[in-house]
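One structure is given here, and the rest of the page talks about it.
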Amino acid sequence: MESYILRNDQVHLEVNPGVLTFRATHLPTNTKWFEDPWDAAAGELTIRSEDGEVATANLSKGKYMDVYQQGDSLLLSYRGFNTMRGYLPTAHVEVRLRLHEQGAGFDVIVENLRLPSKWNFESLTYPVRFGALRTHVDEGYLVLPSQGGALVPTHMVKLSGSDFWLWDDEFFDPNLGERATGPYGDIMPWAGMQLGNVGLMAVLGTPFDALFKRVINYNRQGSFNAKREKTPYPQIAAISPHWLSTRGEFGYPRAVSYYMLSGSYVQMAQTYRHIARAQGLLKTWDERIAENPNVERLIGAPAFCLYGGYPHYANYEPLQFTWDDVTHIVKDMRNDLKLERARVTVWGGFSKQPYKSYPWDERKGPVEKLKGLVDLANDAGYVFGFYQNWSPMLEQEDYWDLNLLLCTSRGAVSASRWGRVCPSQYLPLCKEAMEHILRDVKLESIFVDCTTPPPPRECYHPGHSISREEDIKHRLALFEYLRSLNLIVGSEAFKAWAAGACDYLENTSTQFHQPMYLKNHRAPLINLVFHGATELYAHANRGYTFMKDEPFPVKFLMDLAYAQPPVVTCSLYEYQGIRPFLRLGNEIVGAFCRAVGKKQMTDHELLGPDMRVHRTTLEDVRVTVNTSLMEFEDDQGRLLPPLSYIIEGVDGIPAQAAFKQFCHIEPF
């Protein structure tokens with residue numbers, strides 16, 4: 001049987017007529033991307049019966065498979081599938097392949113999916129494991145926009161002893177080796193596989209009912225342990241679009257675009273920057289400032305979060321503060337620490353926990369003192385606001401409201417207490433609170449927690465049933481309402497869908513509790529796309545403290561490499577101890593970020609034997625940081641000591657410096 005081919009001067013796409021898998025060649029470099037190396041499958045279909053039985057099918061084992069040439073595209077037809085629940089003769093999937101008119105790329109569109117009666121669509125992974133990299137064979141890596149962004153090499157790497165064994169062990173863990181995106185979803189709707197100097201980038205064109213399934217240098221051994229057998233499958237790394245049902249149905253065509261790009265993960269990020277701009281997700285600083293001049297204060301502003309036990313408790317005595325205490329801190333930051341800019345978020349001050357908040361906690365002082373505090377911070381040029389959140393419903397409070405709950409298809413509520421309220425209810429709850437809050441004080445900023453982290457979700461509550469796409473629309477409506485109040489708006493976790501609606505977003509650095517494969521080879525994928533358009537910060541729980549994951553010098557240097565302002569989170573009793581970190585972070589990292597705030601991040605490299613040296617280019621500025629404990633010699637013959645940086649192109653701050661007291665003790 002002859003293969004079916006689509007071809008132009010950039011791409012050769014070839015369909016195997018026997019199983020309807022396909023392979024692609026990047027013609028300028030002759031780089032080839034092959035079909036699924038495990039099951040020779042085009043896709044994997046999962047369906048559920050009305051009785052709850054689950055059945056799966058390998059599309060390439062369908063009884064009837066046909067290819068139709070239709071103009072400049074191919075239509076692939078898969079029909080009649082054998083499953084563990086029997087033969088399904090009328091099950092039918094149709095997929096269209098189409099080359100891009102310009103550039104090296106092609107589209108994969110799942111146009112139709114029909115099932116027999118009594119069966120509902122659950123998910124479809126298509127194309128499954130296309131372009132997979134062979135572990136320890138291919139010189140390549142996965143590009144994963146998760147957390148701040150990570151690369152997962154498929155070749156031999158050099159890492160310190162403990163890092164290496166934890167990293168390598170994860171690849172043989174069936175809970176990590178083959179899995180869908182984590183609980184927070186992907187931060188951007190794309191991922192990639194790099195092979196040599198050419199990358200294969202997948203961008204979801206229909207991202208709401210979708211995610212990426214990943215194979216992380218895995219070999220399926222977990223499926224054979226119970227049988228005491230060795231896996232016959234090779235160790236591979238792959239990403240696959242995974243299409244979810246919309247309320248139990250296929251609903252609409254699903255699309256993914258593949259781009260073949262010479263270069264590295266940087267070119268993938270730059271490609272998505274153009275896509276995000278065209279979709280209205282990327283808004284420049286000048287555009288934001290034209291809408292709200294106060295937003296300019298954000299650029300390079302260190303984040304200071306004063307935590308008072310809220311939202312975990314409204315009245316947690318050990319961490320209490322008064323409005324006088326916060327006033328003292330703001331004055332100290334402005335007059336003694338000399339912070340010309342700051343983003344100050346107060347985690348506390350209300351008498352009720354989210355989803356409620358108002359009225360103010362009277363123990364902190366009269367409203368007149370609160371007004372004076374807010375006016376003082378605004379006059380200092382700070383971005384000052386309070387923690388707000390309309391998504392939780394906490395069981396320790398007495399306002400459990402069944403009418404607000406997000407319900408799953410089985411009638412359960414969210415397992416996370418921080419996401420129990422349906423997004424359709426956020427806006428009315430917000431309006432009720434903000435009416436009172438803005439009547440009392442002249443706030444210019446607000447931080448909305450927990451609203452961006454969850455992936456799109458469905459709600460089956462009979463009073464406010466929503467799809468995943470409607471979920472995101474409701475969340476965006478909340479942000480747009482807050483912006484209409486002329487507030488600077490920020491939220492907890494970066495998501496591309498929120499980047500245009502929020503002036504700042506957090507969680508652009510990998511957190512301490514994440515797997516090693518997301519931490520060992522980090523790349524600033526968010527910043528490569530959105531720097532110069534949205535102020536980006538590490539998460540509030542990853543501030544400049546000693547208590548979690550990486551030490552302060554590494555966090556400081558990584559913020560320089562990512563060109564993102566410092567983050568300091570503390571309670572009142574810790575403030576005096578944290579002041580030196582805030583001062584140094586502002587004088588170096590903050591000043592650097594203010595200098596490059598409007599610039600695009602144009603390049604990034606991982607250097608050194610263990611890739612712990614980051615070199616970042618922001619148009620005409622370059623910063624190199626050495627986060628390792630070894631000396632590094634750069635391409636100009638300059639020696640970077642351990643835990644050091646070199647900045648080129650920015651005046652007014654030390655051009656190079658190193659931490660010298662990291663391992664030092666003195667008697668007292």
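Among the residues making up region 483-537, those that are at pLDDT below 95, outside any loop (DSSP other than H, G, I, E, B) and not charged (D, E, K, R) are Met516, Tyr517, Leu518.
Determine whether Gly80 is at pLDDT 95 or above and more than 29 Å from the chain's Cα centre (by Cα). It is true that Gly80 is at pLDDT 95 or above and more than 29 Å from the chain's Cα centre (by Cα).
How about region 637-668: which of its residues are at positive phi, more than 31 Å from the chain's Cα centre (by Cα) and in contact (Cβ under 8 Å) with a residue 24 or more places away in the chain?
Gly652
Among the residues of region 613-641, those identified as in a loop (DSSP other than H, G, I, E, B) and touching a helix residue (DSSP H, G or I) at 6+ places or on another chain (Cβ under 9 Å) are Glu619, Thr627. Can you list residue pairs whose Cβ atoms sit under 6 Å apart, with the first residue in region 615-636 being under 15 Å from Gly597 (Cβ atoms) and the second being assigned to a strand (DSSP E or B) and not hydrophobic (A, V, I, L, M, F, W, C)? Count only pairs 6 or more apart in sequence or on different chains. Pairs found: Thr616/His604; Val623/Thr616.
Taken residue by residue, region 525-537 has no member that is buried (at least 21 other Cβ atoms within 10 Å of the Cβ), in contact with a Gly (Cβ under 7 Å, 6 or more places away or on another chain) and closer than 30 Å to Thr322 by Cα. In this structure, is Leu74 of a type outside the set (Lys, Arg), modelled with pLDDT of 95 or more and within 27 Å of Ile187 (Cα to Cα)? So Leu74 fails the test.
For region 386-427, residues that are open to solvent by 50 Å² or more (accessible area, probe 1.4 Å) and within 23 Å of Thr345 (Cα to Cα) total 2. Of all positions in region 474-495, none carries a residue that is free of Cβ contacts under 8 Å to residues at least 12 places away in the same chain and of a type outside the set (Ser, Thr, Tyr).
Output the residues belonging to region 435-455 that are assigned to a loop (DSSP other than H, G, I, E, B) and in contact with a strand residue (DSSP E or B) (Cβ under 8 Å, 6 or more places away or on another chain). Listed by number, the residues that qualify are Leu443, Glu444, Asp449, Thr451, Thr452, Pro455.
Of all residues in region 136-150, those being open to solvent by 10 Å² or more (accessible area, probe 1.4 Å) and not in a loop (DSSP other than H, G, I, E, B) number 1.
In summary, strands (runs of 3 or more DSSP E) completely within region 1-90 and bearing 2 or more residues that are among the aromatic types (Phe, Trp, Tyr) and farther than 30 Å from Ser262 by Cβ occur at 64-70, 73-83.
Tell me whether region 317-337 contains one or more residues that are at positive phi and either open to solvent by 20 Å² or more (accessible area, probe 1.4 Å) or not in a strand (DSSP E or B) (or both). No, there is no match, as no residue in region 317-337 is at positive phi and either open to solvent by 20 Å² or more (accessible area, probe 1.4 Å) or not in a strand (DSSP E or B) (or both). So, of the residues in region 456-482 that are assigned to a helix (DSSP H, G or I) and open to solvent by 60 Å² or more (accessible area, probe 1.4 Å), which turns out to be farthest from Leu427 (Cα to Cα)? The qualifying residue farthest from Leu427 (Cα to Cα) is Glu469.
The values are calculated or read from the model by the stated rules, or taken from the named source; none is laboratory data. Keep in mind that what you see is a predicted model, and the values were worked out from it rather than measured. Positions of Cβ are backbone-derived with ideal geometry, glycine not excepted, and every protein chain shown enters the neighbour counts. Note: areas computed on protein heavy atoms with side chains; ligands, DNA, RNA excluded. Shrake-Rupley method; radii C 1.70, N 1.55, O 1.52, S 1.80 Å.
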